[in-house]
Amino acid sequence: MDNSIKKAVFYSKLGSGLVLADDSGLCVAALGGEPGVHSARYAGPEASDAENRSLLLARLARVPEEAREATFICALALARDGKLLTTVEATCPGRITAFPGGSEGFGYDPIFVPSGATATFAQMPPAEKDRYSHRARAVAQLLPILLTKRWG
């Protein structure tokens, strides 16, 4: 949550209007919560999505599939004029597969199967992914706040 708050507050000082910032990551229980806040740069600051996935799969190589629980987390922060207005957080529990599957999406999508699904995020059409997505759930929490409050 801290990263999304810092981003929203910082950028809201640079212009007028509402600023929404996202901080999302993948936490794998068998790895003590890794990659967590380092999800985007897990294999290094210039690493590609494929390199991040490869490192994660290598670290899980000896972990049985039933012990590969993982959770995507999305924290959203809304700010204006350098002031934090509200935050929301949502999760998507699931598991990490042994091998990548699918070509849709980005990041860890090819190796993440949400709970209740049989396909990875990368194998799902966008509308199906949205039914599970941590980001979609966070936006669903934020939307009524945006529609019912006066931000002027």
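The values are calculated or read from the model by the stated rules, or taken from the named source; none is laboratory data. All values derive from a computational prediction rather than experimental measurement. Every residue, glycine as well, gets a Cβ built from its backbone with ideal geometry; the counts of neighbours run over all protein chains shown. Side chains are part of the model used for accessible areas, which takes the heavy atoms of the whole protein and leaves out ligands, DNA and RNA. Shrake-Rupley method; radii C 1.70, N 1.55, O 1.52, S 1.80 Å.
Is it fair to say residue 15 is among the small types (Gly, Ala, Ser), at pLDDT below 95 and surrounded by fewer than 16 Cβ atoms within 10 Å (Cβ to Cβ)? Full working, then the answer.
On the way: among the small types (Gly, Ala, Ser): yes; at pLDDT below 95: yes; surrounded by fewer than 16 Cβ atoms within 10 Å (Cβ to Cβ): yes.
Yes: the conditions hold for residue 15.
Give the residues of segment 109-122 that are polar (S, T, N, Q) and either part of a helix (DSSP H, G or I) or surrounded by 16 or more Cβ atoms within 10 Å (Cβ to Cβ) (or both), sorted by residue number.
120 - this is the single residue of segment 109-122 that is polar (S, T, N, Q) and either part of a helix (DSSP H, G or I) or surrounded by 16 or more Cβ atoms within 10 Å (Cβ to Cβ) (or both).
How many of the residues making up segment 59-108 are among the aliphatic types (A, V, I, L, M), assigned to a strand (DSSP E or B) and farther than 23 Å from residue 142 by Cα?
Final tally of qualifying residues: 2.
Do any residues in segment 121-145 that are within 12 Å of residue 90 (Cβ to Cβ) have Cβ atoms under 8 Å from those of residues that are in a helix (DSSP H, G or I) and at pLDDT 95 or above, where the two are at least six apart or on different chains, and which pairs are they?
Correct list of pairs: 132/121; 133/121.
Restricting to segment 95-104, name every residue that is in contact with a strand residue (DSSP E or B) (Cβ under 9 Å, 6 or more places away or on another chain) and either farther than 20 Å from residue 63 by Cβ or among the hydroxyl-bearing types (Ser, Thr, Tyr) (or both).
Answer for segment 95-104, where residues must be in contact with a strand residue (DSSP E or B) (Cβ under 9 Å, 6 or more places away or on another chain) and either farther than 20 Å from residue 63 by Cβ or among the hydroxyl-bearing types (Ser, Thr, Tyr) (or both): just 97.
List the pairs whose first member sits in segment 77-101 and is under 30 Å from residue 66 (Cα atoms), whose second member is basic (Lys, Arg) and open to solvent by 60 Å² or more (accessible area, probe 1.4 Å), and whose Cβ atoms are under 8 Å apart, counting only residues at least 6 apart or on separate chains?
90/135; 90/137; 91/137; 92/137
Tell me whether segment 123-134 contains one or more residues that are assigned to a loop (DSSP other than H, G, I, E, B), of a type in the set (Gly, Ala, Ser) and farther than 22 Å from residue 59 by Cα.
Taking every residue of segment 123-134 in turn, at least one turns out to be assigned to a loop (DSSP other than H, G, I, E, B), of a type in the set (Gly, Ala, Ser) and farther than 22 Å from residue 59 by Cα.
Look through segment 1-12, keep the residues that are under 17 Å from the mean Cα position of the chain (by Cα) and either of a type in the set (A, V, I, L, M) or closer than 18 Å to residue 93 by Cα (or both), and return whichever of them is most open to solvent (accessible area, probe 1.4 Å).
Checking each candidate, the answer is 1.
Can you tell me which residue among 95, 137, 150 is more than 25 Å from residue 48 (Cβ to Cβ), within 18 Å of the chain's Cα centre (by Cα) and open to solvent by 50 Å² or more (accessible area, probe 1.4 Å)?
It is 137.
Take the residues in segment 51-74 that are without any contact (Cβ under 8 Å) to a residue 40 or more places away in the chain and hydrophobic (A, V, I, L, M, F, W, C); name whichever of them is nearest to residue 131 (Cα to Cα).
It comes out as 67.
Inspect segment 47-65 for any residue being crowded, with 17+ Cβ neighbours inside 10 Å and within 29 Å of residue 146 (Cα to Cα) and give the result as yes or no.
Scanning segment 47-65 turns up no residue that is crowded, with 17+ Cβ neighbours inside 10 Å and within 29 Å of residue 146 (Cα to Cα).
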